[in-house]
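One structure below.
The values are calculated or read from the model by the stated rules, or taken from the named source; none is laboratory data. Computed from a predicted structure; not experimentally measured. Here the Cβ positions follow ideal geometry from the backbone for every residue, glycine too, while neighbour counts run over all protein chains shown.
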Amino acid sequence: MGQTCSYIFVQPGDSCGALASRCGISGAQFTQYNPGSDFCSRLMPKQPVCCSEGALPDLKPKQNADGTCASYVVQPGEYCSLVAENHYISVTDIEAYNGKTWGWNGCASLPQYANICLSPGDPPMPSAIENAVCGPQVSGTARPSDWSQIQSLNPCPLNACCNTWGQCGITPEFCTRSPSSTGAPGTTGCISNCGTKIASSPSPPAQFLKVGYFEAFNAERPCLNMRADQIPSGYTHIHFSFGGVTPDFAVDLSAHQAEFELFAKQTGFKRVLAFGGWSFSTGGDSAPIFRDGVTNANRLAFARSVAAVVQQYNLDGVDFDWEYPGSADIPGSSPQDGANYLAFLKMVRSLLPTNKTISLAAPASFWYLQGFPIADMAPVLDYIVYMTYDLHGQWDYDSRGSQDGCPSGRGDCLRSHVNLTETNYALAMLTKAGVPSTKVVVGLASYGRSFKMASPTCRRGPTCRYQGPDSAASPGRCTGSRGIIAQAEIEEIIGARQPGVYSWHDEASDSDMVQYDTDSWAAYMSEGTKVSRRALYQGLNFGGSAEWAVDLAAFLPGEGGNGVGVGDVCDADG
């Protein structure tokens, strides 16, 4: 290797004479050390020039001893030619060095704070993203030994999709791969666990279940009442909802004792006692019971209490509906809730004969389901009730990001709570998480979610809006609650054929919809829609369906309903 010269850098406005002066040499010597007839006319700021004999040194960044490239974090306002000039390389060099660099989309799209290569060598770890929860840009992530596995670092809970921004989700926004023309990893779209395809079990279940929840409290309504001995035939399992649990973890049936004892005497279906529900799981006095009951200190007492009532009444099974373990937005939740819940289920299983079923209700929401170690729970359970309803409701109002495609961005668009597309995304999430489809009974709703319309003339389409923050929709005459209305009440309204009532089936969401009382709107499932959904889920090798609730679907004979039979729904729109 030849001798290198001593050198300085050209500053703005420098001439060869000024450079010679700064070198401390004559003009003739400067020309000798820096030959070329046009050398002095082509001076550029930051260019190195020789002040002595020898060749200019190679100022290009050098590959590190561990084989990684010399890396550089792009600063705001920088572009490839500027970076190249500052580091004595060319734009072509930068393009060549970064073919495997995370997020490399080429010099035409150079993001600020990108960590790029300025020499040959293995790519650097990408810069951290402050709020990233998945992927290689989570703060503090170590370099993988195998660079081809970089996209698999920090996977999402439930094997959900991770996108290039380090966020988890289950919709195409998160799950669609969009590789760039450079072929580099991490450029755009989904980076790991991609896709929204349902992972069906290879074979169908031994029996396709038809589970129904029976609201024990329905007798408290002024109408639309059903006793346990009036439950329609055709169900394989009926869940009595709900049994109570005291603060010392004893089963308490006193709130509906007579109804429960009547239920326990029924035949023709499996009799299952359900515990929990939203009110029990989040209500003031009862909220801690599930959370405390599954801990090491109380687990055995709680499980023994449950097993004892199953044996006392010769029930066929138990169902648990804790809403929701480990959820950050529910006061008192603990990161240990999920693991404790699993340990509790295992204990209940050990205390019950094998012919008694154990099930739980699971949310069809990534946010809430991630608190469940659901893949580990599945082998312990006979089936999982998947709550694929309440996908939307009044709670969406002012909740940004709760509704795709709502122009206001405020979550105030009229949407179906049983939207089939969103249901399919949720089914893909659960099966990708490792739950066999044959263990999943998919939720059906015998009620609608109702809203007060922002404009009575905008009833169809995903951009029609509703009012908030609280629901002002007209309540059903029996259920008496704004925001929710029974299927029986909806079909009674439609069957009365009063002016200003419009009903239709929305193909896009595979939901039935109704406008009533001028400006009230609800989405629900007619009996025909429930039948078609069951057929769809059976074709995908799911374990069955679960309906909330059997006492909401239809009026019993002699109780009114304007003579409207289940499924006898007018399909009209004016």
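Details
- Taking the stretch 473-519 as the range and being of a type in the set (Asp, Glu) and part of a loop (DSSP other than H, G, I, E, B) as the test, the residues that pass are Glu507, Asp510, Asp517, Asp519.
Rundown of residues vs (1) among the aliphatic types (A, V, I, L, M); (2) in the same structural domain as Glu259 (by TED's automatic domain parsing); (3) touching a helix residue (DSSP H, G or I) at 6+ places or on another chain (Cβ under 6 Å); (4) within 16 Å of Ala445 (Cβ to Cβ), yes/no style:
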residue	(1), (2), (3), (4)
Ile493	yes, yes, no, no
Ala496	yes, yes, no, no
Trp504	no, yes, no, no
Asp519	no, yes, no, no
Met525	yes, yes, no, yes
Thr529	no, yes, no, yes
Ser532	no, yes, no, yes
Leu536	yes, yes, no, yes
Gly558	no, no, no, no
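- Answer residue from the stretch 526-547, given it is assigned to a loop (DSSP other than H, G, I, E, B) and of a type in the set (S, T, N, Q) and is surrounded by the most Cβ atoms within 10 Å (Cβ to Cβ) among those: Ser526
- Residue check, Trp322 touching a helix residue (DSSP H, G or I) at 6+ places or on another chain (Cβ under 9 Å), of a type in the set (Phe, Trp, Tyr) and either touching a residue at least 12 places away in the same chain (Cβ under 8 Å) or over 20 Å from Thr246 (Cα atoms) (or both): yes
- Per the listing Ala343, Ala362, the residue uniquely closer than 16 Å to Phe275 by Cβ and aliphatic (A, V, I, L, M) is Ala362.
- Search result, residues across the stretch 248-280 that are under 27 Å from the mean Cα position of the chain (by Cα) and under 16 Å from Val318 (Cβ atoms): Ala274, Phe275, Gly276, Gly277, Phe280
- Of all the residues in the stretch 422-465, those that are β-branched (Val, Ile, Thr) and free of Cβ contacts under 8 Å to residues at least 40 places away in the same chain number 1.
- Odd one out for Arg460 among (1) in contact with a His (Cβ under 7 Å, 6 or more places away or on another chain); (2) surrounded by fewer than 23 Cβ atoms within 10 Å (Cβ to Cβ); (3) of a type outside the set (Gly, Ala, Ser): (1)
- Set side by side, the residues Gly186, Gly244, Gly234, Gly195 differ, and just one is modelled with pLDDT of 95 or more and under 25 Å from the mean Cα position of the chain (by Cα), which is Gly195.
- Tabulated pairs, the stretch 123-145, first within 15 Å of Thr187 (Cα to Cα), second basic (Lys, Arg), C-beta under 8 angstrom, 6+ apart or interchain: Pro123/Lys100; Met125/Arg143
- Filter result for the condition that a residue is over 30 Å from Gln403 (Cβ atoms) and aromatic (Phe, Trp, Tyr), over Trp147, Trp165: Trp147
- For the stretch 473-509, the candidate set comprises residues that are acidic (Asp, Glu) and surrounded by fewer than 19 Cβ atoms within 10 Å (Cβ to Cβ); within that set, the residue that is nearest to Lys452 (Cα to Cα) is Asp506.
- Which listed residue, of Gly121, Gly183, is closer than 28 Å to His87 by Cα and either assigned by TED's automatic domain parsing to the domain that holds Gly268 or surrounded by fewer than 16 Cβ atoms within 10 Å (Cβ to Cβ) (or both): Gly183
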